[in-house]
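Here's the structure, in structure tokens; my notes come after.
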Amino acid sequence: MTEVQSPIKQIIKRDGMIVPYDKDLITTAIFKSAVSIGGSDRATAESLSKQIEQALADTYGPGAIPTVEDIQDLVESTLINEGHAKTARAYIIYRHERAKLREARQTTFDAVENIPYKKVYDALCWNIDHGCDSIEGLNEIIKRGEFPDLVRAVTDRYDQEVAQGAEKIIDQLPDVCMVIVAGPSSSGKTTTTIKASEKLEKAGRRFKSIIIDHYFFDLKMHPKDEFGDYDYETPQALDLELINDHLVQLIEGKSIRTPDYDFKTGKRTLDVHEMSLAENEILLIDSLHGLYDQMTSGIPTEKKFRLYIETLGQIHNEHGIFMRWADNRLMRRMIRDSWHRNLKPDQTLTHWHYVRRSELQNIIPFIGTADYVVNSALPYELPILKHRLFKYFPEAMEIYKNEPKRQDAYIRAKRVYEFLDPMTEVADDTCVPSRALLREFIGGSEYEY
């Protein structure tokens with residue numbers, strides 16, 4: 001019997017955007033609900049999603065564009081009618097929790113501006129002006145042989161933005177005696193810090209960094225997940241009380257002895273590295289959790305300058321869907337982990353949900369406290385990252401599609417694969433300068449990391 005092809009080609013999202021219809025999203029949502037109550041059979045979820053697809057066709061007819069809510073209602077009724085009441089209940093709870101999360105997130109963004117809208121708008125305008133706001137535009141730039149020109153323009157934009165941040169620090173001297181460089185994983189904090197320090201040195205000041213990684217508790221004290229992985233991403237893995245105490249002493253002109261943490265053994269030794277601040281030195285904290293208040297609560301606000309880094313990318317596909325900032329950073333980290341931590345790209349992919357969970361809980365909520373925001377997204381990097389990583393995403397989709405506990409990795413791999421698929425890749429990265437931010441992740445930088 002020939003399978004009836006669904007005439008549903010598009011759907012309407014909650015924000016009113018029309019996007020392509022994807023039956024696999026329905027399958028995955030059902031599968032995740034079943035997994036939450038002990039299920040493990042994706043084939044049943046696929047069968048149910050086909051029934052839902054046919055119900056969409058019967059209900060709305062050819063050419064119709066149902067909403068997300070219409071589809072979710074059909075999922076609930078189909079699960080109940082087909083005897084999957086427990087899965088239906090799990091799906092309803094999941095749907096309700098997602099709705100509450102969206103509502104809370106919207107309220108938070110409106111209240112404290114956790115999305116730097118002005119910076120995002122500026123990034124979009126810059127991309128439009130340079131013809132790189134879409135995959136189609138990037139492909140045209142590559143086709144015309146103008147890719148090196150784009151690399152130069154993006155590099156100049158980023159360097160100027162960092163320089164402006166450094167100037168703001170200089171303007172607040174000598175009141176500011178601590179600079180916090182914070183941001184989510186693989187946003188480019190290290191390169192940004194190096195470039196800002198170059199500007200400060202010309203003003204007769206220099207950074208002195210306190211290595212926050214040395215303040216990790218012994219690994220045996222860290223919680224484990226169901227896979228046996230330790231969570232390094234939470235600020236509670238750090239000895240926050242000791243960090244804050246040492247920061248206060250340094251600002252007061254005292255000498256301290258920081259711990260030493262051995263990542264190979266997972267053990268910390270106290271009172272190892274002697275440290276103090278000279279008259280021309282500014283204390284630097286380069287940390288994922290630099291904006292987390294408990295880390296620096298003992299230092300008066302006026303003595304701190306908070307520099308926040310994020311990939312505020314504004315590149316969309318033919319359907320108007322933008323590359324997610326976190327997906328951009330995921331690809332950077334997949335490459336860097338492969339040569340810096342000897343991890344395979346799929347290992348970074350499967351660990352990424354811990355990274356995102358910690359970011360959403362302990363980093364993103366504090367964007368509104370930053371004194372300056374640097375956009376580290378590089379429009380030219382996506383074709384280069386595609387060349388290095390694209391082959392891994394179909395493999396990950398195949399491996400994790402039917403694994404109940406790896407659905408997050410499957411969803412991310414599928415989303416990145418579909419976004420990058422129509423993009424022309426660039427194999428030759430010699431036009432990327434040795435001092436460029438991207439070199440922090442792909443290698444070949446003249447900076448030492």
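The values are calculated or read from the model by the stated rules, or taken from the named source; none is laboratory data. Because the structure is predicted, anything quoted here is derived from the model rather than measured. Reconstructed Cβ throughout: ideal geometry from the backbone, glycine too, with neighbour counts over all protein chains shown.
Things to note:
- Tally, over the stretch 256-268, of residues that are closer than 23 Å to His222 by Cα and surrounded by 12 or more Cβ atoms within 10 Å (Cβ to Cβ): 8
- Looking across the stretch 230-265, the residues that are small (Gly, Ala, Ser) and in contact with a Ser or Thr (Cβ under 9 Å, 6 or more places away or on another chain) come down to Gly253, Ser255.
- When restricted to residues that are surrounded by 15 or more Cβ atoms within 10 Å (Cβ to Cβ) and part of a helix (DSSP H, G or I), the stretch 77-88 contains 6.
Yes/no matrix, rows are residues, columns are (1) under 25 Å from the mean Cα position of the chain (by Cα); (2) surrounded by fewer than 19 Cβ atoms within 10 Å (Cβ to Cβ):
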{"site": "Val272", "(1), (2)": "no, yes"}
{"site": "Glu281", "(1), (2)": "no, yes"}
{"site": "Gln294", "(1), (2)": "yes, yes"}
{"site": "Thr311", "(1), (2)": "yes, no"}
{"site": "Asn317", "(1), (2)": "yes, no"}
{"site": "Arg324", "(1), (2)": "yes, yes"}
{"site": "Arg336", "(1), (2)": "yes, no"}
{"site": "Leu343", "(1), (2)": "yes, yes"}
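- Scanning the stretch 289-305 for residues that are of a type outside the set (Gly, Ala, Ser) and part of a loop (DSSP other than H, G, I, E, B) yields a total of 5.
- Qualifying residue in the stretch 375-386 (condition: surrounded by fewer than 21 Cβ atoms within 10 Å (Cβ to Cβ) and among the hydrophobic types (A, V, I, L, M, F, W, C)): no
- If the condition is being touching a residue at least 24 places away in the same chain (Cβ under 8 Å) and not acidic (Asp, Glu), then the stretch 22-31 contributes Lys23, Ile26, Thr28, Ala29, Ile30, Phe31.
- The stretch 34-61 residues that are over 20 Å from Ile93 (Cα atoms) and modelled with pLDDT under 90, paired with ones that are among the β-branched types (Val, Ile, Thr) and surrounded by fewer than 16 Cβ atoms within 10 Å (Cβ to Cβ) (beta carbon under 8 Å, 6 or more apart): Gln54/Val4; Ala57/Val4
- Test: residue in the stretch 42-51 that is basic (Lys, Arg) and either surrounded by 15 or more Cβ atoms within 10 Å (Cβ to Cβ) or closer than 24 Å to Gln407 by Cα (or both): yes
- Single residue of Arg341, Arg329 found to be among the charged types (D, E, K, R) and free of Cβ contacts under 8 Å to residues at least 24 places away in the same chain: Arg341
- Within the stretch 306-334, the set of residues being in a loop (DSSP other than H, G, I, E, B) and either more than 30 Å from Gln10 (Cα to Cα) or not polar (S, T, N, Q) (or both) comprises Leu312, Gly313, Ile315, Glu318, His319, Gly320, Ile321, Met323, Arg324.
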